Amino acid sequence: MSEKYKFRNPEGIYFISPTLVGWVDLFTKSIYRELIVNSLRYCQEEKGLIIHAWCIMSSHLHLIVSCQDQFAISSIVRDFKKYTSKAMIKAIIQSDESRREWLLRIFKEAAQPIRRNTNYKVWQDGNHPVELIDNKMLDERLNYLHLNPVKEAIVQQPDYYIYSSANDYFREEEGILKIEKIE
């Protein structure tokens, strides 16, 4: 992994984009989006994750996050990805997922080169963390994150998309995840 993209400052605010292997469009179904929302909520309540902005796209997430000082953001993200990987595979197997065989094959093939005993690999390695060190960077990432569903023709207005923090920023209404707004 590049030395450029690491969580270096424990007090920093970071833009990250966890992405599914093969850019698989798993989050087009609400069962998987809700799993992500509930897992993020757990990380907030139990692990000290502070979410400043977020958006779930079809194959990846955009998050602007920091953490309480006794926690390591890299560990929180690692644990989040580990838990959600297992939970999503379980959901694929147990639900009436029409793409079950295809999804499991993709995730199984992604795990084959891995030496540790892993049956499935759901998330790509890394999160591409970028520390947001000034207002210009914060504004650029906030706009990118909230306008992404519009750009991808999911919604016409950012605040129409409930799986993001756009309501918190554009309407000043609380969304489905509590956030700590960046002013």
statement: Counting only residues in segment 81-110 that are basic (K, R) and in a helix (DSSP H, G or I), the one surrounded by the most Cβ atoms within 10 Å (Cβ to Cβ) is identified as K81
message: I'd like to know if segment 67-80 contains one or more residues that are open to solvent by less than 30 Å² (accessible area, probe 1.4 Å), part of a strand (DSSP E or B) and modelled with pLDDT under 95.
response: yes
- request: Could you please give the count of residues in segment 36-57 that are under 17 Å from A87 (Cα atoms) and either open to solvent by 30 Å² or more (accessible area, probe 1.4 Å) or of a type in the set (S, T, N, Q) (or both)?
  value: 4
message: I'm trying to understand the selection: among the residues of segment 3-61, which are without any contact (Cβ under 8 Å) to a residue 24 or more places away in the chain and either closer than 19 Å to G126 by Cβ or touching a Pro at 6+ places or on another chain (Cβ under 7 Å) (or both)?
response: E3, K4
- line: Note: among I31, I50, I64, just one is assigned to a helix (DSSP H, G or I) and among the hydrophobic types (A, V, I, L, M, F, W, C), namely I31
message: Condition check: part of a helix (DSSP H, G or I), among the polar types (S, T, N, Q) and touching a residue at least 40 places away in the same chain (Cβ under 8 Å). Does N148 satisfy that?
response: yes
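The values are calculated or read from the model by the stated rules, or taken from the named source; none is laboratory data. What you are looking at is a predicted structure, and each value in this text was computed from that prediction instead of being measured. Virtual Cβ from ideal backbone geometry, glycine too; neighbours counted across all protein chains shown. Note: areas computed on protein heavy atoms with side chains; ligands, DNA, RNA excluded. Shrake-Rupley method; radii C 1.70, N 1.55, O 1.52, S 1.80 Å.
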